Amino acid sequence: MRRTIGAIIGVVALASQAVQAHHGYAGFFMDRTVTVEGDIEELRYANPHVVMKIRTADSTLYTVTWQAATWVAKQAAVTSSTFKAGDHLIVAAAPARDPASHELASVRVVRRPSDGWAWTRQTPFPPSSNYAGFVRNGSD
């Protein structure tokens, strides 16, 4: 009986650490926002997160990690057919602490200038130096 209880406690402790590590944003400056503009090179619309690879004009490839696909569909009205490879986007998000990684998380704005589509997270976030003129399309 004691072994069973000990095993259960061990499994629960390990599982909670895995969940915490998965959702940790320690590697990102959550108090900052940077804006990246470029073309979608790759889009993975699946759980646990929607991930976009965006190539900027200077050929830098950024990895943008959004929320879970179900959250993105419900809160931002974005489905697997909203964006496609080649779409030109402007994304504002929290930058990685390691700038060489070219990663962004906690997406705050997504804008597609070609047709005026845009989404802005409603919760407060710090403005970036080049964050201006975005219109809200969708809700958080």
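Applying the selection to region 88-114, what residues are surrounded by fewer than 17 Cβ atoms within 10 Å (Cβ to Cβ) and farther than 17 Å from Asp31 by Cα? First the steps, then the outcome.
The first filter runs over region 88-114 and keeps only residues surrounded by fewer than 17 Cβ atoms within 10 Å (Cβ to Cβ), leaving 88, 97-101, 113-114.
If the condition is that a residue be surrounded by fewer than 17 Cβ atoms within 10 Å (Cβ to Cβ) and farther than 17 Å from Asp31 by Cα, then His88, Ala100, Ser101, Pro113, Ser114 are the ones that fit.
Given the conditions (1) over 20 Å from His49 (Cβ atoms); (2) in contact with a His (Cβ under 9 Å, 6 or more places away or on another chain), which single one is not true for Gly116?
Of everything listed in (1) over 20 Å from His49 (Cβ atoms); (2) in contact with a His (Cβ under 9 Å, 6 or more places away or on another chain), Gly116 misses just condition (2).
When region 64-87 is examined, which residues are found to be within 22 Å of Asp31 (Cα to Cα) and touching a helix residue (DSSP H, G or I) at 6+ places or on another chain (Cβ under 8 Å)?
Result: Trp66, Gln67.
I need a count of the residues in region 109-123 that are more than 14 Å from Gly38 (Cα to Cα) and among the basic types (Lys, Arg).
1
Among the residues of region 82-102, are any farther than 17 Å from Thr33 by Cα, within 15 Å of the chain's Cα centre (by Cα), assigned to a loop (DSSP other than H, G, I, E, B) and modelled with pLDDT under 95?
First pass over region 82-102, keeping only residues farther than 17 Å from Thr33 by Cα: 82-88.
Then keep just the ones that are within 15 Å of the chain's Cα centre (by Cα); that gives 83.
Within this subset, residues satisfying the condition of being assigned to a loop (DSSP other than H, G, I, E, B) are 83.
Within this subset, residues satisfying the condition of being modelled with pLDDT under 95 are none.
No, there is no match, as no residue in region 82-102 is farther than 17 Å from Thr33 by Cα, within 15 Å of the chain's Cα centre (by Cα), assigned to a loop (DSSP other than H, G, I, E, B) and modelled with pLDDT under 95.
The values are calculated or read from the model by the stated rules, or taken from the named source; none is laboratory data. The structure displayed is predicted, hence computed values, not measured ones. Neighbour counts run over all protein chains shown; Cβ positions are idealised from the backbone, glycine included.
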